[in-house]
Amino acid sequence: MKKVLTLILSMFLLSGCLLDTPDNVEDYHITERISVNIDAGDAGSGENAFQFYVQRGDEPLDDLDVAVEVIYRGESLTQEAEYVSPGLYQVPLTGLEDGLYEVRMSVEVDGQLITPAKYIGIGQLTAEEEALLEGNAAQSSGGHHH
């Protein structure tokens, strides 16, 4: 019984070493939020493109490997986005049909994998596609960002 009591007392005393104290708070590294905006826009030379703006706080992030998956009616195409300017990456839109596309981006920043997705309508949409797009916009405005 004495050994069990000694063991419990030792565990209790040692557990105090694990508590956060003001002395070790500096050991924790808190990074600024990484944000990504996904849109369809003008790529410059008369072409359109899916565009991705990546930033940490207010600072655009450069030199990233950005993978993009475009899903249309169950078909998936994955390719690397090209760097355009500070924080801006894009994938050209060539040969796309009218309809609703799901665009997923994947990028690793400081060991953190970020994978935002967004529905984007191109050209004429069906009533069902319009409803999905509006539902997606309502969810996006909820304030949850990666």
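Kindly state which strands (runs of 3 or more DSSP E) lie completely within the range 71-118 and contain at least 2 residues that are within 27 Å of residue 134 (Cα to Cα) and in contact with a Pro (Cβ under 8 Å, 6 or more places away or on another chain). Break it down stepwise before answering.
Values: elements: 75-80, 82-85, 88-93, 99-109, 112-114.
Fully inside the range 71-118 and qualifying: 99-109.
Quick grid of which residues meet (1) crowded, with 17+ Cβ neighbours inside 10 Å; (2) out of contact with any Lys or Arg (no Cβ under 9 Å at 6 or more places or on another chain); (3) at pLDDT 85 or above:
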{"position": "14", "(1), (2), (3)": "no, yes, no"}
{"position": "42", "(1), (2), (3)": "no, yes, no"}
{"position": "49", "(1), (2), (3)": "yes, yes, yes"}
{"position": "53", "(1), (2), (3)": "yes, yes, yes"}
{"position": "73", "(1), (2), (3)": "no, yes, yes"}
{"position": "94", "(1), (2), (3)": "no, yes, no"}
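Here residue 114 passes the criteria (1) touching a His at 6+ places or on another chain (Cβ under 9 Å); (2) loosely packed, with under 11 Cβ neighbours inside 10 Å except the one numbered (2).
Would you mention how many residues in the range 55-70 are surrounded by 15 or more Cβ atoms within 10 Å (Cβ to Cβ), in a strand (DSSP E or B) and either of a type in the set (S, T, N, Q) or over 12 Å from the mean Cα position of the chain (by Cα) (or both)?
Residues of the range 55-70 surrounded by 15 or more Cβ atoms within 10 Å (Cβ to Cβ): 55-56, 61, 64, 66-70.
Still in the list and also in a strand (DSSP E or B): 55-56, 67-70.
Now narrow it down to the ones that are either of a type in the set (S, T, N, Q) or over 12 Å from the mean Cα position of the chain (by Cα) (or both): 55, 69-70.
Number satisfying all stated conditions: 3.
The values are calculated or read from the model by the stated rules, or taken from the named source; none is laboratory data. Owing to the predicted nature of the structure, the values given are computational and were not obtained by experimental measurement. Neighbour counts run over all protein chains shown; Cβ positions are idealised from the backbone, glycine included.
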